[in-house]
Amino acid sequence: MKTSTMTASIETINPTELYELIDSGKQVDVIDVRTSAEFEEVHSTISRNVPLDSLNPHEIMAKRNGRRDEPLYLICASGARAKQAGAKFAAFGFQNIVTVAGGTTAWVAAGLSVVRGNKTISLERQVRITAGFFTLLGFFVHPYGFGLSAFVGIGLMYAGITDTCGMAMLLAKMPWNQKRANP
């Protein structure tokens, strides 16, 4: 029994329900929109990585080999980036987009199959570390450095209100968050 919810043409499914679909033999497409480094650390066995900052809805739909009308499942760490990716698909008129509630965190917590690699620092933690660093830097380096601290604070408030984080988008493009070449 599917207990998905609907948000502006983007459905949500919990990890266990998605896994039951897969287990029943249904072929599904799952796109993980986290950074390559996050994906390499841990991901569901059936997902492929297309980071949010390089997501091209038209390209993904074109590669679905005649299955464009079948649901496309989006997953990230907790669900926020998957919702952003879903909004990108919806903006281009694509339907049948389903986000995985709770993301990879919920997938792992449910004890479902994953592939594990090298440990990395999550993008969320990188944002907190960077924000803390700039806040302290602004406070201690110059008497008028409070402006930098205020700027970081305003950015964090904006991120909380809009669920869009400019600092996270910049950090996602950093070399350590990109796909590593195999030795």
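The values are calculated or read from the model by the stated rules, or taken from the named source; none is laboratory data. Because the structure is predicted, anything quoted here is derived from the model rather than measured. Cβ atoms come from the backbone with ideal geometry, glycine included; neighbour counts cover every protein chain shown. Heavy atoms of the whole protein, side chains included, go into the accessibility calculation; ligands, DNA and RNA do not. Shrake-Rupley method; radii C 1.70, N 1.55, O 1.52, S 1.80 Å.
Condition check: open to solvent by 60 Å² or more (accessible area, probe 1.4 Å), within 26 Å of ILE121 (Cβ to Cβ), of a type outside the set (Ser, Thr, Tyr) and not in a helix (DSSP H, G or I). Does ARG48 satisfy that? Answer is yes for this residue.
Look through the range 57-88, keep the residues that are under 23 Å from ALA159 (Cβ atoms) and of a type in the set (A, V, I, L, M), and return whichever of them is farthest from the chain's Cα centre (by Cα). Here the answer is ALA87.
Taking (1) over 19 Å from ALA90 (Cβ atoms); (2) modelled with pLDDT of 90 or more; (3) open to solvent by 30 Å² or more (accessible area, probe 1.4 Å); (4) charged (D, E, K, R) in turn, GLU40 satisfies each apart from (2).
Please specify each residue of the range 73-93 satisfying the condition of being open to solvent by less than 10 Å² (accessible area, probe 1.4 Å), among the aromatic types (Phe, Trp, Tyr) and not in a strand (DSSP E or B). Listed by number, the list holds a single entry, PHE89.
In the range 61-76, the residues that are at negative phi reach residues that are modelled with pLDDT under 90 with C-beta atoms within less than 6 angstrom, at least six apart or across chains, in these pairs: MET61/ARG68. Of note, MET1 does not satisfy the criterion of being assigned to a strand (DSSP E or B), modelled with pLDDT under 90 and open to solvent by 40 Å² or more (accessible area, probe 1.4 Å).
Of everything in the range 107-165, what is assigned to a strand (DSSP E or B) and either in contact with a helix residue (DSSP H, G or I) (Cβ under 8 Å, 6 or more places away or on another chain) or open to solvent by less than 40 Å² (accessible area, probe 1.4 Å) (or both)? Give them in sequence order. Lay out the reasoning, then the answer.
From the range 107-165, those assigned to a strand (DSSP E or B) are 114-116; that's our starting set.
Within the range 107-165, VAL114, ARG116 qualify.
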